[in-house]
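Below you'll find the structure, written out as structure tokens, and then a few comments.
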Amino acid sequence: MRIIIQVVKNASVTIDNKLVSEIKRGYLLFVGFSAHDDAEIVYKMCDKLLSLRLFPDENGKTNKSLFDVGGEILSVSQFTLYASLKDGRRPSFIEAKKADEANELYNLFNDCLRKANVKLSTGVFKAMMDVSLINEGPMTIILDSKELFNK
């Protein structure tokens, strides 16, 4: 499982020029699943994400969590996080989880965030979305379950 976290001042998703979701300050998440991911990894990644301190304190140090700043989350599914460009010029997505299974894990991940009482908005799974954001910092972090949990 991979999550790209962008600390944002605001972010939104539109589909066909219609606003679907938006948040104020918080995290814009791009979430992707590999063929080997399962529920155990989803819970570990959710816990890791929620424990991060990515917002600056009064001294400019990243000591504040999403909860400390009353932040929101916009979660967007993105299978392209598992694109491979090792061969040829077009990406291969063979490492990405199949859509039906990925959707189950994506829903599980979002449920985990909701249970933590995070104000959550989402994109639309498998939709062609336009994502807009104002990155704060800029601060962009990549969480990779293989790197974090050797799985």
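The values are calculated or read from the model by the stated rules, or taken from the named source; none is laboratory data. On a predicted model such as this, the values are computed, not experimentally measured, just so you know. All Cβ positions, glycine included, derive from the backbone under ideal geometry; neighbour counts span all protein chains shown. Calculation scope for accessible area: heavy atoms of the full protein, side chains included, ligands and nucleic acids excluded. Shrake-Rupley method; radii C 1.70, N 1.55, O 1.52, S 1.80 Å.
Just a few scattered comments:
- Odd one out for Ala99 among (1) closer than 16 Å to Leu143 by Cβ; (2) open to solvent by 20 Å² or more (accessible area, probe 1.4 Å): (1)
- Failed item, numbered, when Ala116 is tested on (1) without any contact (Cβ under 8 Å) to a residue 40 or more places away in the chain; (2) surrounded by 13 or more Cβ atoms within 10 Å (Cβ to Cβ); (3) over 15 Å from the mean Cα position of the chain (by Cα): (1)
- Residues satisfying the stated conditions in the stretch 84-93, i.e. without any contact (Cβ under 8 Å) to a residue 12 or more places away in the chain and either part of a loop (DSSP other than H, G, I, E, B) or within 17 Å of Ala127 (Cα to Cα) (or both): Leu85, Lys86, Asp87, Gly88, Arg89, Arg90, Pro91
- Among the residues of this structure, Ser51 does not count as one that is farther than 25 Å from Ala127 by Cβ and touching a Lys or Arg at 6+ places or on another chain (Cβ under 6 Å).
- Output for the stretch 75-95, where each listed residue is of a type in the set (Gly, Ala, Ser) and surrounded by fewer than 21 Cβ atoms within 10 Å (Cβ to Cβ): Ala83, Ser84, Gly88, Ser92
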